[in-house]
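Below is one structure, written out as structure tokens, with a few remarks after it.
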Amino acid sequence: MEKTFLIKPMLDEIYPVIDYGKGVYLFDRNGKKYLDAASGAVTANIGHGVAEIVEAMMEQAKKVSFVYRSQFTSEAAEKLAAKIAEWTPGELNWCFFVNSGSEATETAMKMAIQHWQERGNQTKTKILSRWVSYHGITMGALSMSGHPSRRARFIPLLEDFPAINPPYCYRCPYNLEAPSCNYLCAKELETAIKRIGPDQIAAFIAEPVIGAAGGAISPPKDYFKQIKMICEEYDILFIADEVMTGFGRTGTMLACEQWGVVPDIVALGKGMGAGYAPIAAAVASEKVMEPILAGSKSVMSGHTLSANPQSCAVSLAVLEYLEKNDIMKEVDNKGVYLKYQLEKLKPQFNFIGDIRGKGLLLGIEFVADPITKQPFPRKLSVTQKIIEHAKDKGLLIYPAGSGIDGVNGDAVIISPPLTITKREIEELVFLLKGTFTVFSDEINT
Ligand code: PLP
């Protein structure tokens, strides 16, 4: 039996030891092959084992691996910031590098609060968010998160930030359909702002496509336009948490571009280093940074490894790889094909409630009854069971859902590397069908 000292005592589970990865596949040291249909945690966007990235890593290491961000900058960091400014829409020109998505959303939150402080407004400190959301695991990020099971233990230590309903059309709280619903869930933002007072609110944060908490919940067409209009009307900054959706996951650099919306601040992570290095960023517009630069001159945040040259060089190589191979261009087509293949499974398994998402960020929600949409009882741990059966079959998929009764049901995310081929998509769906067959037999016996 393998010893996994750090992990086993926490999860009481023994993980396979991965030996190497190539493309969409991972291989453990017993020779078992896994199709990574989750890109790890929606991270390995360009697949595993890309030699060019390893070379870029080595080249940078030969020059310098670390300089302290308060003393120096580096060519890698400067080039990366320029590339991100070039790729992001509007005037999102100011890049603050951090090491994880949670740090990125917390930095975005701090930027928003600091923006208003520098403009002489000390009371605009609340961040509005949505139930069914995940913005990270640190205390500030958890305060903004609508992820009950991850918040539960720490509630006394969290800020009680207000949250509104998400655009969860499959379980619409108003029992209506878009667009005739008039986007009542977006209008909840206005109601909340009026109730709390715009002078108390720094920003509204949202994931363009809700990931871990919901299972790729994609909004109806004009939802984010409405949100942005309300934010502008009441002088509230709009933070897009694109940690999961950024860098082409939905086919455009930012998912917000799908709906023609430019946020004031964006949190990026995951695909930014594509798993080759820990790197993330909060990117702010000129409008957000102007008072900060005129006042304190810098953002009141930072970590020892912020803008680490090694991580920046890796991220730059990842972006160049995306660019050189024109990877984003194909995402929409691949996503449509994968969704089409998944839809074919729906009539075969009556526990498939909803198939949704955008680009190569797709989700499947499981239900006990497809007509009433009744979720499975939580104690059945349906998501966990399906993930385990998939792993046995050599397929990696990502768990989603809020983790408590009454919020939403069980769901998984299907988010393979953006480099996946048509044949690999077919293999993915074949393995998923096998997984669902095992689960179906299990619940029907
Ligand atoms: N924001 C979103 C939308 C995420 O999906 C995640 C991670 O899953 C985070 C923030 C936190 O990122 P990290 O796990 O790198 O801290």
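Just so it is clear, none of the values below were taken in a lab; they were calculated from the coordinates. Just so it is clear, the model here is predicted, and its values are computed rather than measured. Cβ sites come from the backbone with ideal geometry, for glycine too, and all protein chains shown count toward neighbours.
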Tabulate in residue order the Karplus-calculated ³J(HN,Hα) for segment 49-61, using 6.51 cos²θ - 1.76 cosθ + 1.60 with θ = phi - 60°, rounded to whole Hz; enter x for Gly and Pro.
x, 7, 4, 4, 6, 5, 5, 4, 4, 5, 4, 5, 4
Checked segment 277-333 with the C-alpha gyration tensor, a ≥ b ≥ c its square-rooted eigenvalues, rounded below a/c of 1.5, otherwise prolate if a/b is larger than b/c and oblate if not; verdict oblate
What are the trypsin sites (Lys or Arg not before Pro) within segment 315-357 that DSSP puts in a loop, where the Cβ has at most 16 other Cβ atoms within 10 Å?
LYS344
Counting only C-alpha contacts under 8 Å and six or more residues apart, can you give the relative contact order of segment 52-193 as a whole percent?
14
Set of lysines with alpha-carbon distance to LYS33 below 26 Å, sequence-local pairs under 8 removed:
LYS3, LYS8, LYS22, LYS270, LYS334, LYS339, LYS344, LYS385, LYS391, LYS393, LYS422, LYS433
Under unit Cβ charges (Lys, Arg +1; Asp, Glu -1), what dipole magnitude, rounded to 20 debye, does segment 96-185 have relative to its Cα centre?
120
Charged-residue dipole, Cβ positions (Lys, Arg, Asp, Glu), segment 156-228 about Cα centre, Debye nearest 20
220
Among ASN444, CYS181, GLY47, whose Cα lies farthest out toward the positive end of the dipole of the chain, if unit charges sit on the beta carbon of Lys, Arg (+1) and Asp, Glu (-1)?
ASN444
Positive end of the charge dipole of segment 53-324 (Lys, Arg +1 and Asp, Glu -1 on Cβ, about the Cα centre): tell me which of SER315, THR250, TYR276 has its Cα farthest that way.
TYR276
Can you give me the long-range amide H partners of GLY353? Hydrogens built in the peptide plane at 1.01 Å from N, cutoff under 5 Å, separation of 5 or more residues or another chain.
GLU365, PHE366, VAL367
Pseudo-spin-label distance LEU345 to GLU388, built 7 Å along Cα→Cβ, given in nm, is 1.9
Subtract the Cα-Cα distance of ARG153 and CYS172 from 0.36 nm times their separation in residues, and report this length gain in nm to one decimal.
4.0 nm
Can you spot the aspartates and glutamates whose alpha carbon is less than 13 Å from LYS373's alpha carbon? Ignore those fewer than 8 places along the same chain.
ASP354, GLU365, ASP410
Hey, with R₀ at 35 Å, roughly what FRET efficiency would ALA61 and PHE430 work out to, going by the Cβ-Cβ distance, to 0.05?
0.30
With a ≥ b ≥ c from the Cα gyration tensor eigenvalues, square-rooted, and the rule rounded for a/c under 1.5, otherwise prolate when a/b > b/c and oblate otherwise, the chain is oblate
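Between ARG195 and GLU118, what FRET efficiency follows from the Cβ-Cβ distance if R0 is 35 Å, with the result rounded to 0.05?
Efficiency computed from Cβ-Cβ geometry: 0.85.
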Applying a 10 Å radius around every beta-carbon, put 289-297, 271-279, 411-419 in order of their mean neighbour count, most first.
411-419, 271-279, 289-297
For the chain, the dipole about the Cα centre with charges only on Cβ (Lys and Arg +1, Asp and Glu -1), to the nearest 20 debye, works out at 540
Suppose each label sits 7 Å from its Cα in the direction of the beta carbon; what would the PHE72-ASN333 distance come out to in nanometres?
4.5
Residue farthest toward the positive end of the dipole of the chain, with Cβ of Lys/Arg at +1 and Asp/Glu at -1: which of ILE355, VAL266, ILE201?
ILE355
Normalised contact order of the chain, rounded percent, pairs of Cα under 8 Å and 6 or more residues apart:
22
